[in-house]
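Contents: one structure, followed by commentary.
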Amino acid sequence: LIQSIRDNDPVVFMEHKALYAMKGEVPEESYTIPFGQANVVREGKDVTIVAMGRMVHLAGQAAASLAKTGIEAEIIDPRTISPMDWNTVLKSVEKTGRLVVVDEANPRCSMATDIAAVVCQEAFKALRAPVKMVTAPHTPPPFSDALEDLYLPNAAKIEAAVRAII
């Protein structure tokens with residue numbers, strides 16, 4: 001948020017409401033996150049998982065479960081989508097040879113499709129398996145909490161997508 005306020009250009013700042021209830025380490029001093037600089041949340045060698053917002057935490061849960069069976073997932077949090085840190089994403093895919101993109105949005109015209117397309121264009125020869133996307137289905141979102149839990153990506157769906165390409 002601080003970086004957005006300090007920027008001289010127009011900025012759209014969005015964060016997932018479910019993140020407000022989460023606990024974690026936060027620096028005590030004021031800090032900024034540079035635009036266009038992804039965060040490698042977890043190092044891995046077998047698959048790259050690109051996830052944003054709340055999906056980063058779910059990807060972490062999936063990666064922890066996968067690690068118990070010897071699959072090491074690298075998790076990339078782009079943090080900003082324009083500019084996007086393509087170098088970090090592509091470097092990770094070139095290292096692992098596999099990509100799973102996790103996005104809470106509809107699978108059509110989403111960041112998941114954009115990331116998958118760019119990786120296929122720029123790192124196709126590095127891919128050892130098809131790119132997998134874990135997204136909400138291409139349907140209107142439900143209003144029921146119980147149905148929403150089935151509708152949205154979760155750690156089990158992320159883990160299944162990884163296992164499908166390993």
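Read the figures in this text as sums done on the coordinates, not as results from a lab. Keep in mind that what you see is a predicted model, and the values were worked out from it rather than measured. Every residue, glycine among them, receives a Cβ derived from its backbone with ideal geometry; neighbour counts consider all protein chains shown.
Suppose R0 equals 25 Å. What FRET efficiency, 1/(1 + (r/R0)^6) with r the Cβ-Cβ distance, do Val11 and Trp86 give to the nearest 0.05? Walk me through the numbers on the way to the answer.
Numbers: r = 20 Å, r/R0 = 0.79.
Result of the calculation: an efficiency of 0.80.
For every other residue with a beta carbon closer than 13 angstrom to the beta carbon of Glu74, add +1 if it is Lys or Arg and -1 if Asp or Glu, then tell me the sum. Local charge sum for Glu74: 0. With neighbour counts taken as other beta-carbon atoms within 10 Å, the residues His57, His138 rank, fewest first, as His138, His57.
The fewest-to-most ranking of Ser92, Ser144 by surrounding Cβ atoms within 10 Å reads Ser144, Ser92. Ranked for footprinting exposure by Cβ neighbours inside 10 Å, fewest first, Ile158, Ile166 give Ile166, Ile158. For a paramagnetic label modelled on Ala21 (point 7 Å from Cα along Cα→Cβ), amide N atoms under 20 Å away belong, within the range 54-88, to 54-62.
Among Leu152, Thr80, Ile165, whose Cα lies farthest out toward the positive end of the dipole of the chain, if unit charges sit on the beta carbon of Lys, Arg (+1) and Asp, Glu (-1)? In the chain, that residue is Ile165. Applying a DSSP loop filter and a limit of 13 other Cβ atoms within 10 Å to the GluC sites (Glu not before Pro) in the range 60-146 leaves nothing.
Scanning the chain for chymotrypsin sites (Phe, Trp or Tyr not before Pro) in DSSP loops with at most 12 neighbouring Cβ atoms within 10 Å leaves 32-142 as the longest stretch between them. Within the chain, the whole DSSP H helices whose Cα atoms reach 18 Å or more along their own axis and whose mean Kyte-Doolittle score is at least 0.5 are 54-67.
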